[in-house]
Amino acid sequence: MSGVPERLRNLSEREFYNTAIELRVEVLGIITSSAIPKSQRFTFAVPMAETARSVVYNIVKSEAFYPNTAENVAARKRYLTLAVADCEQLYQDAQAYLEVYRRKGDMQHAGAFERMAGLVDSEIKLLKGARKGVKLIGAC
């Protein structure tokens, strides 16, 4: 346990939620921009938007379980794990898109995914930290 009082720590306990919202906004910005051609939006953009939405959804679901029982601790950890899996899926979706266009010789929009990749990295780290920090509190 840290010797620094919680009120003086830099990272908010809800930082993973704020980053998830920022990630969702970034994904929505990418998929509605010229980075993904309109002809490919159904193939690439819709799944990416749904996955980004699912990250936030799983975080909100995890917060619904107050960790005062072993079952609630397990449920909270499960939803945080699902959010991590969604982040990994965002990586896979972006990689698939970039590979399709790399094979066509078109890499002009690859830069649009750089900020998203950084946010995904950060979100995974924060979610894993949050999941590790879930402990049984005041058992009934």
TODO: Go through the stretch 117-140 residue by residue and tally those that are in contact (Cβ under 8 Å) with a residue 60 or more places away in the chain and not in a loop (DSSP other than H, G, I, E, B).
DONE: 8
Open item on the list: Condition first: more than 22 Å from the chain's Cα centre (by Cα) and not basic (Lys, Arg). Now tell me which residues in the stretch 77-111 satisfy that.
Closed with: Val100, Tyr101, Gly105, Asp106, Met107, Gln108
Task: Selected residue (criterion: surrounded by the fewest Cβ atoms within 10 Å (Cβ to Cβ)) from residues of the stretch 47-76 that are acidic (Asp, Glu) and more than 14 Å from the chain's Cα centre (by Cα) - done: Glu71
Task: Sole exception among (1) modelled with pLDDT under 95; (2) open to solvent by 20 Å² or more (accessible area, probe 1.4 Å); (3) assigned to a loop (DSSP other than H, G, I, E, B) for Ala96, by number - done: (3)
Task: Filter result for Asn10 (outside any helix (DSSP H, G or I) and either at pLDDT 95 or above or not hydrophobic (A, V, I, L, M, F, W, C) (or both)) - done: yes
- [ ] Filter the stretch 101-116 down to the residues that are part of a helix (DSSP H, G or I), open to solvent by 30 Å² or more (accessible area, probe 1.4 Å) and in contact (Cβ under 8 Å) with a residue 12 or more places away in the chain, then identify the one that is farthest from Ser33 (Cα to Cα).
- [x] Arg115
TODO: Go through the residues of the stretch 36-52 one by one and say whether even a single one is at pLDDT 90 or above, touching a Lys or Arg at 6+ places or on another chain (Cβ under 7 Å), under 12 Å from Leu90 (Cβ atoms) and not aliphatic (A, V, I, L, M).
DONE: no
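The values are calculated or read from the model by the stated rules, or taken from the named source; none is laboratory data. Everything numeric here is computed off the predicted structure, so don't read it as measured data. Because the Cβ atoms are built from the backbone with ideal geometry, glycine has one as well, and the counts that use them run over all protein chains shown. Calculation scope for accessible area: heavy atoms of the full protein, side chains included, ligands and nucleic acids excluded. Shrake-Rupley method; radii C 1.70, N 1.55, O 1.52, S 1.80 Å.
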